[in-house]
Amino acid sequence: MRIWDIELKYMCNAHLDMMHQNCHIVWSVLTKPNKYLNKHEEILRWKGKLRTLFNRHQEVAEELIQRKLKHKDAEFDLILDEPLAIGDEPVEIWQTEDYQLGLLLIAQCPCPVRAA
Ligand SMILES: [Zn+2]
Ligand SMILES: [Zn+2]
C-alpha cells in the first residue's frame, strides 16, 4: 500500500487507480481505526495530516476525471468527510522522487515515466 509522492502525470491509469483506492484506505483507517492496519507505515505517515491527505485525494480524483476514468465515490458512499480533514502539514517523504520514478520504471506497467 503506497501513496506516491510524485507528479500524477508520470503514473499510468492502473497505478493512479490503485493510488486512489489507497487514499481511501488510509483515510478510512485514520478515521475508523483498523487493528490490522493501524501500524502500517503508510498509515502512520499520514497520521494527523488528514487535510494533506484530503488534498492529495482531490488531486488524484481530478486526474482520474481528466483522464475520463471513473471516480465513483458518491456511488459507493465513499465521499471523504471534509470536517475530519484536519492537519495540513506536509507528509514526510521517505524516498526521493527520482527513486519513486525508478520503481515505476521497473514495474511491468505503462507508467509514462520514460517521458520524464
Ligand atoms: Zn475518491
Ligand atoms: Zn504504472
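Restricting the first member to region 6-25 and to residues that are within 12 Å of Leu64 (Cα to Cα) and more than 11 Å from ligand 1 (Cβ to nearest atom), and the second to residues that are in a helix (DSSP H, G or I) and among the β-branched types (Val, Ile, Thr), the beta-carbon pairs closer than 8 Å and six or more apart or on different chains are Leu8/Val60; Leu16/Val60. The set of residues from region 66-116 being charged (D, E, K, R), modelled with pLDDT under 90 and part of a helix (DSSP H, G or I) comprises just one member, Arg114.
Can you confirm whether Arg45 is free of Cβ contacts under 8 Å to residues at least 60 places away in the same chain, over 21 Å from Gln100 (Cβ atoms) and part of a helix (DSSP H, G or I)? Taking the combined requirement at face value, the residue does not satisfy it.
Pairs meeting the criteria (first residue in region 92-111 and within 13 Å of Trp4 (Cβ to Cβ), second residue at pLDDT below 90 and within 16 Å of ligand 1 (Cβ to nearest atom), beta carbons under 8 Å, at least 6 apart or on different chains) are lacking. When restricted to residues that are buried (at least 17 other Cβ atoms within 10 Å of the Cβ), assigned to a helix (DSSP H, G or I) and among the hydrophobic types (A, V, I, L, M, F, W, C), region 1-17 contains 2. Scanning region 49-80 for residues that are within 16 Å of the chain's Cα centre (by Cα) and surrounded by fewer than 12 Cβ atoms within 10 Å (Cβ to Cβ) gives Ile65, Lys70, Lys72, Ile79. When residues in region 1-56 are screened for being within 16 Å of ligand 2 (Cβ to nearest atom) and touching a Cys at 6+ places or on another chain (Cβ under 7 Å), 6 of them pass. Residue count for region 8-25 under the criterion of being over 17 Å from Glu41 (Cβ atoms) and in contact with a helix residue (DSSP H, G or I) (Cβ under 8 Å, 6 or more places away or on another chain): the result is 10.
The values are calculated or read from the model by the stated rules, or taken from the named source; none is laboratory data. What you are looking at is a predicted structure, and each value in this text was computed from that prediction instead of being measured. A quick note on method: Cβ atoms are made from the backbone with ideal geometry, for glycine too, and the neighbour counts reach across all protein chains shown.
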